[in-house]
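Chemist: So that we are looking at the same thing, I have put the structure below in structure tokens.
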Amino acid sequence: MREQSLSDAVRGIRRTALLFDQVAHHFRLMETMTTRDYLGFRDKLSPASGFQSAQLREIEIIMGLKVDDRIPLGHDNSYLRALRYPDGRPSPASKRVEARLKDVPTLLESINEWLHRTPIQGSTPEQEGDTENVRRFVENYLKAQAIEAEEAMILVRDSAPGEADRRRIEERYKQERVKAREFLLAEEVPEEDRLRVARVRAALLFIESYRELPLLAWPREVLDGLVELEQAFVIFRQRHARMVERVIGRRTGTGGSAGVDYLEQTALRYRVFRELWAVRTLMIRKTALPPLRGPDVYGFVAKE
Ligand code: HEM
């Protein structure tokens, strides 16, 4: 993703978020149908299903939903199989989606490639000492975060009714600190990719934390747009599941899935911008942030 295309990207992302928002409202109209109304024509629908929506699959693929994250329906590539004709021949829908799989990079990959270039505390990837600079930023952030978390923990712990509750609260905050470190150092990532992923995560945290810097104005809009998009997508999935439960209960879907159970799983598990959500847990108050280094890189002129 090139810097000069950021404003267009934001417009496209926000437009798609609005689309999910609008479609989710339509489900209210479907709910004017009673269960018996629906059962009256259900046999005519079967085996057709929303599971054959090429458009939804294309959006998921363009965004970067990983194949391994998909909920299996009992056989391999089931989401692709469902798009074919019943005898297994390719259909226009399956051809569209299979072509889309080759359309790379995905939005997630482009965003990560772009995030990786973000100057962090004035340091860029091609610069000597960048790895150490980024590491220093992360360590300073973790220190500041630990102080903030400790203060928050004391407030909650001291108002807890019993000793067992207090211990549980202390443990919970301790785990938050452990997880923050693991996440920012990308400890779960294979060694060959670790530094790259850690830099992307640090960039996310940096943009979100120092969001008022002039150079970060568009990056912050991109991130806000992506959160808006993914949230609207999840709400669309949830809203659809709630409508389906109301109209058909928890029976098997016409596409052969577990119906509402399957739809709820998609709402819970299908996340693309996981790291964008994860940094929200780590963020701290503006006043507690480590001091900004190299402010001129960001077009920020400090007052005399
Ligand atoms: C009362 C009406 C509806 C019922 C009972 C219903 C039910 C279902 C069920 C049970 C599934 C899971 C797949 C299966 O086994 O069939 C599904 C998937 C789906 N439905 Fe609906 N649906 C309804 C209306 C709609 C409408 C109006 C839309 C238009 C946006 C829609 C879009 C989808 C899509 C895109 C999927 C695939 C979801 C995924 O795989 O993540 N459905 N629907």
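The values are calculated or read from the model by the stated rules, or taken from the named source; none is laboratory data. Fair warning: this is a prediction, and the values are worked out from it, not measured in the lab. For neighbour counting, all protein chains shown are included, and Cβ atoms are generated from backbone atoms with ideal geometry for every residue, glycine included.
Chemist: Which condition from (1) buried (at least 16 other Cβ atoms within 10 Å of the Cβ); (2) free of Cβ contacts under 8 Å to residues at least 24 places away in the same chain; (3) within 19 Å of ASN112 (Cβ to Cβ) is the one that GLY225 breaks?
Modeler: (2)
Chemist: Just checking, which of LEU29, LEU6, LEU39 is within 30 Å of PRO219 (Cα to Cα) and assigned to a helix (DSSP H, G or I)?
Modeler: On the way: LEU29 fails: within 30 Å of PRO219 (Cα to Cα); LEU39 fails: within 30 Å of PRO219 (Cα to Cα).
So the residue among LEU29, LEU6, LEU39 that is within 30 Å of PRO219 (Cα to Cα) and assigned to a helix (DSSP H, G or I) is LEU6.
Chemist: Condition test on ARG70, is it closer than 27 Å to SER46 by Cβ and surrounded by fewer than 12 Cβ atoms within 10 Å (Cβ to Cβ)?
Modeler: The answer is no for ARG70.
Chemist: Out of ILE207, ILE235, report the one residue that is away from the ligand (no atom under 11 Å from the Cβ) and farther than 29 Å from TYR141 by Cβ. Talk me through it step by step, then tell me what you get.
Modeler: Details: ILE207 fails: farther than 29 Å from TYR141 by Cβ.
Of the residues listed, the single one that is away from the ligand (no atom under 11 Å from the Cβ) and farther than 29 Å from TYR141 by Cβ is ILE235.
Chemist: Among the numbered criteria (1) at pLDDT 95 or above; (2) more than 9 Å from the ligand (Cβ to nearest atom), which single criterion is violated by GLU3?
Modeler: (1) is the only condition that GLU3 fails.
Chemist: I would also like to ask the following. Is it fair to say VAL200 is modelled with pLDDT of 95 or more, within 16 Å of the ligand (Cβ to nearest atom) and among the β-branched types (Val, Ile, Thr)? Let's see the steps before the verdict.
Modeler: Numbers: modelled with pLDDT of 95 or more: yes; within 16 Å of the ligand (Cβ to nearest atom): no; among the β-branched types (Val, Ile, Thr): yes.
Considered against the rule, which asks whether it is modelled with pLDDT of 95 or more, within 16 Å of the ligand (Cβ to nearest atom) and among the β-branched types (Val, Ile, Thr), VAL200 comes out as no.
Chemist: Can you list residue pairs whose Cβ atoms sit under 6 Å apart, with the first residue in segment 248-260 being on the phi < 0 side of the Ramachandran plot and the second being near the ligand (Cβ under 6 Å from one of its atoms) and not in a loop (DSSP other than H, G, I, E, B)? Count only pairs 6 or more apart in sequence or on different chains.
Modeler: GLY255/PHE51; VAL260/VAL244
Chemist: In addition: Mind counting the residues in segment 210-232 that are of a type in the set (Asp, Glu), part of a helix (DSSP H, G or I) and more than 16 Å from the ligand (Cβ to nearest atom)? Spell out the reasoning first.
Modeler: Of segment 210-232, the ones of a type in the set (Asp, Glu) are 212, 221, 224, 228, 230.
Of the ones still in play, those that are also part of a helix (DSSP H, G or I) are 221, 224, 228, 230.
Filter again for more than 16 Å from the ligand (Cβ to nearest atom), leaving 221, 224, 228.
The total comes to 3.
Chemist: Do you know which residues across segment 27-73 are β-branched (Val, Ile, Thr) and within 17 Å of GLY249 (Cα to Cα)?
Modeler: Here is the first cut: in segment 27-73, the ones β-branched (Val, Ile, Thr) are 32, 34-35, 59, 61-62, 67, 71.
Passing the criteria: THR32, THR34, THR35.
Chemist: Next up: I'd like to check something: does segment 153-174 contain any residue that is in contact with a helix residue (DSSP H, G or I) (Cβ under 6 Å, 6 or more places away or on another chain) and in contact (Cβ under 8 Å) with a residue 60 or more places away in the chain?
Modeler: No, segment 153-174 has no match at all.
Chemist: Residues to consider are ALA241, ALA203, ALA288; find the one that is under 21 Å from ILE71 (Cα atoms) and more than 13 Å from the chain's Cα centre (by Cα). Don't jump to the end; show me each part of the working.
Modeler: Numbers: ALA203 fails: under 21 Å from ILE71 (Cα atoms); ALA288 fails: under 21 Å from ILE71 (Cα atoms).
Exactly one residue qualifies, and that residue is ALA241.
Chemist: In addition: Does segment 82-109 hold any residues that are surrounded by 14 or more Cβ atoms within 10 Å (Cβ to Cβ), of a type in the set (Lys, Arg) and either within 27 Å of TRP277 (Cα to Cα) or free of Cβ contacts under 8 Å to residues at least 40 places away in the same chain (or both), and which are they?
Modeler: ARG84, ARG100 - these are the residues of segment 82-109 that are surrounded by 14 or more Cβ atoms within 10 Å (Cβ to Cβ), of a type in the set (Lys, Arg) and either within 27 Å of TRP277 (Cα to Cα) or free of Cβ contacts under 8 Å to residues at least 40 places away in the same chain (or both).
Chemist: I'd like the residue in segment 241-255 that is farther than 13 Å from ARG42 by Cα and not hydrophobic (A, V, I, L, M, F, W, C) and, out of all such residues, is farthest from the ligand (Cβ to nearest atom).
Modeler: This residue is ARG242.
Chemist: Could you identify the single residue in GLU187, GLU192, GLU128 that is assigned to a loop (DSSP other than H, G, I, E, B) and over 22 Å from LEU282 (Cα atoms)?
Modeler: Values: GLU187 fails: over 22 Å from LEU282 (Cα atoms); GLU192 fails: assigned to a loop (DSSP other than H, G, I, E, B).
Of GLU187, GLU192, GLU128, the one residue that is assigned to a loop (DSSP other than H, G, I, E, B) and over 22 Å from LEU282 (Cα atoms) is GLU128.
Chemist: Go through segment 83-113 and give me each residue that's under 28 Å from ILE13 (Cα atoms), in a loop (DSSP other than H, G, I, E, B) and within 16 Å of the ligand (Cβ to nearest atom).
Modeler: LEU83, the sole residue that qualifies.
Chemist: Every residue in segment 256-278 that is within 11 Å of the ligand (Cβ to nearest atom), part of a loop (DSSP other than H, G, I, E, B) and either under 8 Å from the mean Cα position of the chain (by Cα) or more than 28 Å from ALA203 (Cβ to Cβ) (or both), please.
Modeler: First, the residues of segment 256-278 that are within 11 Å of the ligand (Cβ to nearest atom): 256-267, 269-270.
The next check asks that each one be part of a loop (DSSP other than H, G, I, E, B); those that pass are 256-259, 270.
GLY256, SER257, ALA258, GLY259, listed by residue number.
Chemist: Among the residues of segment 268-278, which ones are touching a Phe, Trp or Tyr at 6+ places or on another chain (Cβ under 9 Å) and either under 18 Å from ARG117 (Cα atoms) or exposed (fewer than 13 other Cβ atoms within 10 Å of the Cβ) (or both)?
Modeler: Of segment 268-278, the ones touching a Phe, Trp or Tyr at 6+ places or on another chain (Cβ under 9 Å) are 270-272, 275, 278.
Listed by number, the list holds a single entry, GLU275.
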